[in-house]
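See structure below.
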C-alpha cells in the first residue's frame, strides 16, 4: 500500500482513505455488521485511515471494527456552529469512538469565507481543542472552490477534503479549472489535501483508471477517500491503484453495479430534502420528489432529513 504524507504538517497515511459513508446507516447499502466486516477487511489490506462524519451515525460501527487496530486514524466532521456545539461534537466522537485523542476533526461542508465566518465560534473551539491535545489535526470538507480558497487561509488549518474528479462533477460554485487553481493555492502553503467523489458519485465508473490517474496527477493532492461497501470493491480499488491486472469476473461484478437514489412512493412532498441537497439534484414533480440522476452524486444527505424515510441509495 502506497504511503503519503498529508501536507507539510500531517501524518503519513495510506494513499487510500476508507470512506465509511458507504457502510453507514445514511446510505443503507449494508447492515452494520456487514459494513464492519468490509472495513476490517480493508484494514487488513493496509488501509490505515477512515473518513466519517457525525451525520453518518456510524461511530459505534467504526469503534467495533477498529478495536484490533488502535493505530488506525479516523477523520470525523461536524456542522457545529457555536463553541458549545463543537465541544459536544468532539466529546460525542471521543466517547463513541473510544478514543481519548481524536486524529482529525473537520468542519463539514464549508462553502466560502462567509460560511466559515458563521462557524467562527466552532472553529476557534476546534483550535483550542487542538492546543489541548484533544484533536491532532483540523480542517474542513467542501464541495466549493471558494471553500478551498477560504479554508486554506483559516488560522490553524491542517487539511482540506475537497470534491475532485476529472469532469468537475459536484462542484457547486465554479468549474474544474477553478477548483484545480484553488487546490494548488492551498497546497503551496502546505495544506494536506485528500479528494472525495473521484468517481463523481458513480457517474465516472465506466473508466475508473482515468479517474484515479487524474486525481494522482493533480499536484498537491496526496490521497483520496473511496467509499466501499463490499470486499469485492476493496479488492477492485486496491488492485486498480496498484496498477495490477483486475480479474474479469471481479471487474464485471464491481464496475457494473449501478446505484441510484430511490424515492419511495409514500413521499409526502414536504421539500425538506430539496433544502438539504448541496447539488440541486432534487425537485418537486407534483407532490413527489424527483431526482436528476446527472446532478446527483449519491451523498445521501437528503435521506437524513426525510421525516418519512423515503430516500435511500440502492
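The values are calculated or read from the model by the stated rules, or taken from the named source; none is laboratory data. All values derive from a computational prediction rather than experimental measurement. Positions of Cβ are generated from backbone atoms using ideal geometry, with glycine treated the same way; all protein chains shown enter the neighbour counts.
Remarks
- Of all residues in the stretch 153-168 being within 15 Å of the chain's Cα centre (by Cα) and in a loop (DSSP other than H, G, I, E, B), the one that is farthest from residue 127 (Cα to Cα): 165
- Residue match in the stretch 71-86 (condition: free of Cβ contacts under 8 Å to residues at least 24 places away in the same chain and in a loop (DSSP other than H, G, I, E, B)): yes
- For the stretch 155-176, a residue qualifies if it is free of Cβ contacts under 8 Å to residues at least 40 places away in the same chain, over 26 Å from residue 103 (Cα atoms) and in contact with a strand residue (DSSP E or B) (Cβ under 8 Å, 6 or more places away or on another chain), and exactly one does: 171.
- Test: residue in the stretch 198-209 that is surrounded by fewer than 24 Cβ atoms within 10 Å (Cβ to Cβ), modelled with pLDDT of 95 or more, more than 23 Å from residue 52 (Cα to Cα) and assigned by TED's automatic domain parsing to the domain that holds residue 11: no
- Selected residue (criterion: surrounded by the most Cβ atoms within 10 Å (Cβ to Cβ)) from residues of the stretch 141-154 that are in contact with a strand residue (DSSP E or B) (Cβ under 8 Å, 6 or more places away or on another chain) and touching a residue at least 40 places away in the same chain (Cβ under 8 Å): 151
- The condition of being buried (at least 21 other Cβ atoms within 10 Å of the Cβ), more than 18 Å from the chain's Cα centre (by Cα) and without any contact (Cβ under 8 Å) to a residue 60 or more places away in the chain holds for residue 186.
- Within the stretch 234-250, being buried (at least 16 other Cβ atoms within 10 Å of the Cβ) and touching a helix residue (DSSP H, G or I) at 6+ places or on another chain (Cβ under 7 Å) holds for 234, 235, 236, 240, 241, 246.
- Residues satisfying the stated conditions in the stretch 180-204, i.e. touching a helix residue (DSSP H, G or I) at 6+ places or on another chain (Cβ under 6 Å), assigned to a loop (DSSP other than H, G, I, E, B) and within 28 Å of residue 27 (Cβ to Cβ): 198, 199, 204
- Residue within the stretch 155-172 that is surrounded by fewer than 19 Cβ atoms within 10 Å (Cβ to Cβ) and either under 21 Å from residue 55 (Cα atoms) or assigned by TED's automatic domain parsing to the domain that holds residue 300 (or both) present: yes
- Flag for residue 7 being buried (at least 23 other Cβ atoms within 10 Å of the Cβ) and either assigned to a loop (DSSP other than H, G, I, E, B) or over 18 Å from the mean Cα position of the chain (by Cα) (or both): yes
- Scanning the stretch 100-118 for residues that are surrounded by 17 or more Cβ atoms within 10 Å (Cβ to Cβ) and either touching a helix residue (DSSP H, G or I) at 6+ places or on another chain (Cβ under 7 Å) or closer than 24 Å to residue 58 by Cα (or both) yields 102, 103, 104, 105, 106, 107, 108, 109, 110, 111, 112, 116.
- For the stretch 275-306, the candidate set comprises residues that are part of a helix (DSSP H, G or I) and over 20 Å from residue 200 (Cα atoms); within that set, the residue that is modelled with the lowest pLDDT is 304.
- Among the residues of the stretch 218-271, those identified as more than 30 Å from residue 10 (Cα to Cα), in contact (Cβ under 8 Å) with a residue 40 or more places away in the chain and not in a helix (DSSP H, G or I) are 258, 259, 260, 261, 262, 263, 264, 266, 267, 268.
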